[in-house]
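See structure below.
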Amino acid sequence: MNGTLPEGRWQEVTPSIGDTPMSFQVKDDRISAYAGCNQMMATMEMDGDRLVIGHLASTLMACYGQDRKREEALQNLLGGNPHVKYEGDDTLILSKGDQEYRFNKLPSLEASKK
């Protein structure tokens, strides 16, 4: 690993909780993430094969049911310095303990406007 997480938008391949996929975007050593309710954001860096997130800030909407469970899972994943692994150029795997989440790279917003 070259010490950076590829910039771009990433979306969970198969939603692990409910039917809304988790997603995140990386740009300029910052990450923003969404699990269906609140927007989360933080600074980030790579330490070997681990993603290290700075203080994770969030909007403060009340979340219930599956949205709340999914949001807690994403907060726990990002806050736990997950291992990062790649499968090809378009699949990123974040794992913490026995939890593993697969994300596919989405087209850039600029590319989708063309």
Exactly one condition in (1) at pLDDT 95 or above; (2) over 15 Å from ASN81 (Cβ atoms); (3) of a type in the set (S, T, N, Q) is not met by THR4; state its number. (1)
Some residue of the range 93-108 being surrounded by fewer than 18 Cβ atoms within 10 Å (Cβ to Cβ), basic (Lys, Arg) and touching a residue at least 60 places away in the same chain (Cβ under 8 Å): yes
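What is the residue count in the range 70-83 for residues that are outside any loop (DSSP other than H, G, I, E, B) and surrounded by fewer than 16 Cβ atoms within 10 Å (Cβ to Cβ)? First the steps, then the outcome.
Within the range 70-83, the first condition is being outside any loop (DSSP other than H, G, I, E, B), and the residues that meet it are 70-79, 83.
When the remaining residues are screened for being surrounded by fewer than 16 Cβ atoms within 10 Å (Cβ to Cβ), the result is 72, 76, 79, 83.
Adding up the residues that qualify gives 4.
Yes or no: VAL52 under 15 Å from PHE103 (Cα atoms) and either over 13 Å from the mean Cα position of the chain (by Cα) or surrounded by fewer than 17 Cβ atoms within 10 Å (Cβ to Cβ) (or both)?
On the way: under 15 Å from PHE103 (Cα atoms): no; either over 13 Å from the mean Cα position of the chain (by Cα) or surrounded by fewer than 17 Cβ atoms within 10 Å (Cβ to Cβ) (or both): yes.
The answer is no for VAL52.
When the residues of the range 84-102 are filtered to those that are part of a strand (DSSP E or B) and of a type in the set (D, E, K, R), which remaining residue is farthest from the chain's Cα centre (by Cα)? Break it down into steps so the answer makes sense when it comes.
We begin by selecting, within the range 84-102, every residue part of a strand (DSSP E or B); these are 84-87, 91-96, 99-102.
Checking the rest, the ones that are also of a type in the set (D, E, K, R) come to 85, 87, 96, 100, 102.
On the way: LYS85: 13, GLU87: 16, LYS96: 13, GLU100: 12, ARG102: 10 Å.
Per the criteria, the residue is GLU87.
The values are calculated or read from the model by the stated rules, or taken from the named source; none is laboratory data. These figures come from a predicted structure and were not determined experimentally. Counting neighbours? That spans all protein chains shown, and the Cβs are built from the backbone with ideal geometry, glycine included.
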